[in-house]
Amino acid sequence: MIIMRESSEGQTGFSGRFSRLNRIPPYLFSSLDTLKGTVKRGLIDLSEGNPDLPPPKELLTVFRKALKKTENHRYPTYAGKLTLRAAVARYYQRRFGVTLAPETEVVVLLGSKEGAAHLIWAICDSQDRVGVCDPGYPLYFNQIRLCGATPVVLPLEEKKQFLFDLDLLTRHAPNLKLLCLNYPNNPTTAVAPMAFYQKVVDLALKYGFYIVNDNVYSEIYFNSPPISILQIPNARQCCVELNSLSKTFSVPGWRIGMAVGNPMVLRALLKIKQNIDSGPFGAIQDVAVFALNNYQRFSEKIRAVYQKRRDVFTTALNSQGWEIKPPPATFYIWAKLPKKWQKGEGSSYTFVTEMLKKCRVLSAPGEGFGSGGEGFVRFALIAPERRLLLAAKRIGRWLKRNSKG
Ligand SMILES: *Cc1c(COP(=O)(O)O)cnc(C)c1O
């Protein structure tokens, strides 16, 4: 019998028998859960990117019908229903002017998170170097480490509009296997202009690395609509783009998304997926067809809700003396800590913990997204306007008390 001993527990809480897991820290939101448990009542939780709005009603009607089809209760096909892959292609045509072949250039996912993780496993070997943004969605850095590849960190700095330095990328380009991109960006809310994508794709084509562009916030924008990386000529020679219904239609629990672009990379992704999952529930795929065919109508309403929330929350915090810039896209506020709180390492954890204790408002600490997030916190606009106002009031009162002390 093997006795599992925990004597050699590292800081990640796993013994040496789980050596691969010790390469990555505990998942950010599981640590916040522990913190959250300390508040008994009245918590306003703005920490997770977990949409609170109910899905559009019409989608539920389509869903009920789809449930009645016996075929939908059998194993789905690996790449997704052809009807859905065609709907994705149609959406990319209408929304971005990008033409995709449904059979070879579209793969249906159990959410883009699944796709991102498995793309990294499909593309990367342990010798490989992978470009990744800091701060960034933690999955990227962690999956790169799990599969044994080496992350090449590209800092996102406020003074450069949270676009990484192209000279730095150029220096690393000859050694890269893959670059993970995400604009509109979580957590910084930045949007990348066409010229930036153009330069990144030029480098990828010149040096032969792949790009995964995470475009899950493509429909949550407040200025001009963000583009797809596949709008850049020849991008599909090196790029795969991830998108998802989670944020666009406020259905994160459904687990449905898509990967589009380079056919060879998508074949590699499918080979991994065939050995792991069997695709999303058929009924959900049927609803996804309907949602994408009517994406303008649904996403417009959702966008309008976030825009009002954004304006209400930023205005309220600003009037309380905490200067916050309204984001151009996503449903986050990436807020620089008030001056008094910017005290180097761990400052945003300290801030988040204190704010939770004193205001019963939870945000995500910037360091949770990488050391480049130091000095920032991220609020997700996942509560109704009156709750956001209440949160801003509590925060304002606390900051004022605190600045006197
Ligand atoms: C929310 C989010 C995801 C996950 O989306 P799903 O499609 O629900 O898996 C992926 N990437 C980023 C940057 C996100 O913020």
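Bear in mind these aren't lab numbers, they're just calculated from the coordinates by the rules spelled out. As the structure is a prediction and not an experimental result, all values here were calculated from the model. Here the Cβ is made from the backbone with ideal geometry for all residues, glycine too, and neighbour counts use every protein chain on show.
Can you tell which of Ala304, Ala190, Ala329 shows the greatest fluctuation in a Gaussian network model of the chain with Cα springs below 10 Å? Largest GNM mean-square fluctuation: Ala304. Pairs exceeding 22 Å between alpha-carbon atoms, taken from Lys339/Lys400; Lys357/Lys400; Lys81/Lys301; Lys69/Lys247; Lys81/Lys271; Lys159/Lys308: Lys81/Lys301; Lys69/Lys247; Lys159/Lys308. Semi-axes of the equivalent ellipsoid of segment 51-146 are 30, 18, 16 Å, computed as sqrt(5λ) over the eigenvalues of the C-alpha gyration tensor in descending order. Around Thr350, under 14 Å between beta carbons, what's the net of Lys plus Arg minus Asp minus Glu among the other residues? Neighbourhood net charge equals 0. Taking segment 154-187 and a reference point 7 angstrom along Cα→Cβ of Glu323, the backbone N atoms nearer than 18 Å belong to 158-162.
Subtracting the Cα-Cα distance of Tyr207 and Arg64 from 0.36 nm times their residue separation leaves 46.6 nm of extension gain.
Placing dummy labels 7 Å off each Cα toward the beta-carbon, the span from Gln342 to Thr170 is 2.9 nm. Here the gap between Gln161 and Arg267, fully extended at 0.36 nm per residue and compared with their Cα-Cα distance, gives a gain of 34.7 nm.
For the chain, taking the reciprocal of the average inverse distance between every pair of different Cα atoms yields a Kirkwood hydrodynamic radius of 22.2 Å. Straight Cα distances below 17 angstrom link Lys343 to the aspartates and glutamates Glu354, Glu367, Glu374, with same-chain residues fewer than 8 positions distant left out.
The separation of segment 122-163 from segment 242-261, counted between C-alpha centres, amounts to 22 Å. Taking every alpha-carbon pair in segment 271-405 and binning the separations at 5 Å intervals from zero gives 2, 9, 15, 18, 14, 11, 9, 8, 7, 4, 2, 1, 0 percent. Give the calculated FRET efficiency between Tyr27 and Asp277 to the nearest 0.05, with a Förster radius of 25 Å applied to their Cβ-Cβ distance. Efficiency, from the Cβ-Cβ distance: 0.80.
Using just its DSSP H runs of length 4 or more, each adding -39500 (n - 2.57), the chain gives a mean residue ellipticity at 222 nm of -13000 deg cm²/dmol after division by all residues. Taking trypsin sites (Lys or Arg not before Pro) in DSSP loop conformation with at most 14 other Cβ atoms inside 10 Å as exposed sites, the chain has its longest uninterrupted site-free stretch at 75-342.
Here segment 206-265 yields Rg over Rh of 1.03, to two decimals, using C-alpha coordinates and the Kirkwood radius. One decimal place: the segment Arg90-Gln198 gains 36.5 nm when fully extended, by the rule 0.36 nm per residue minus the C-alpha distance.
Dividing the Cα radius of gyration of segment 179-336 by its Kirkwood radius returns 1.01 for Rg/Rh.
Rg/Rh for segment 333-405 (Cα atoms only, Rh after Kirkwood) is 0.96.
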